Amino acid sequence: MISSTIGEDTSTIRFKDGIIYTLYSDKLNSLKVGFAKNDRVLEIKLSNDSSILLDRKKGNKEELILLINTLKELGFRYSKNFSFKYSSCLMRHLSTLGWPIGRSLYKQRKIKKELQCA
């Protein structure tokens with residue numbers, strides 16, 4: 001008798017959707033990327049942290065894992081809670097990789113242009 005599960009790929013782990021996000025800490029000059037299961041979990045993280053939310057979007061934990069591995073290969077170092085030292089280079093990579101960073105990258109460019117013209 002042949003099992004009805006033949007042909008089904010059970011080796012892949014299914015990741016449930018949630019929220020992928022980026023936080024910025026002015027005090028530590030760092031960016032933290034992460035995943036939350038829902039809005040409530042993200043709200044709790046924000047209330048327990050002095051960071052500000054740069055942006056967020058629907059995603060899953062697999063996207064976070066892929067981002068961390070890609071940034072690691074690019075030479076970015078991070079702490080155990082996925083905090084990175086802020087840099088414009090890191091922001092460019094996050095933007096290129098489609099990670100939610102908000103309009104902060106564009107604000108920074110506009111400020112630099114205004115300072116150069118002054």
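Every read-out reported here was derived from the displayed coordinates using simple, explicitly stated rules and does not represent laboratory data. Given the structure is predicted, the values throughout are model-derived calculations rather than measurements. Glycine also receives a Cβ, built like all others from the backbone with ideal geometry; neighbour counts cover every protein chain displayed.
Past 24 Å, Cα to Cα, is the threshold; run K27/K61; K32/K72; K16/K85 against it and keep the listed order.
K27/K61; K16/K85
Using modelled backbone amide H atoms (1.01 Å from N, in-plane), which distant-in-sequence or interchain residues come within less than 5 Å of G59's amide H?
It is G18, I19, I20, by chain and number.
Below 9 angstrom from the Cβ of F84, what's the summed charge of the other residues (Lys, Arg +1; Asp, Glu -1)?
Every neighbour counted, the sum reads +3.
³J(HN,Hα) across region 58-66 via Karplus (A = 6.51, B = -1.76, C = 1.60, θ = phi - 60°), whole Hz, x for Gly/Pro?
5, x, 9, 5, 4, 4, 5, 4, 4
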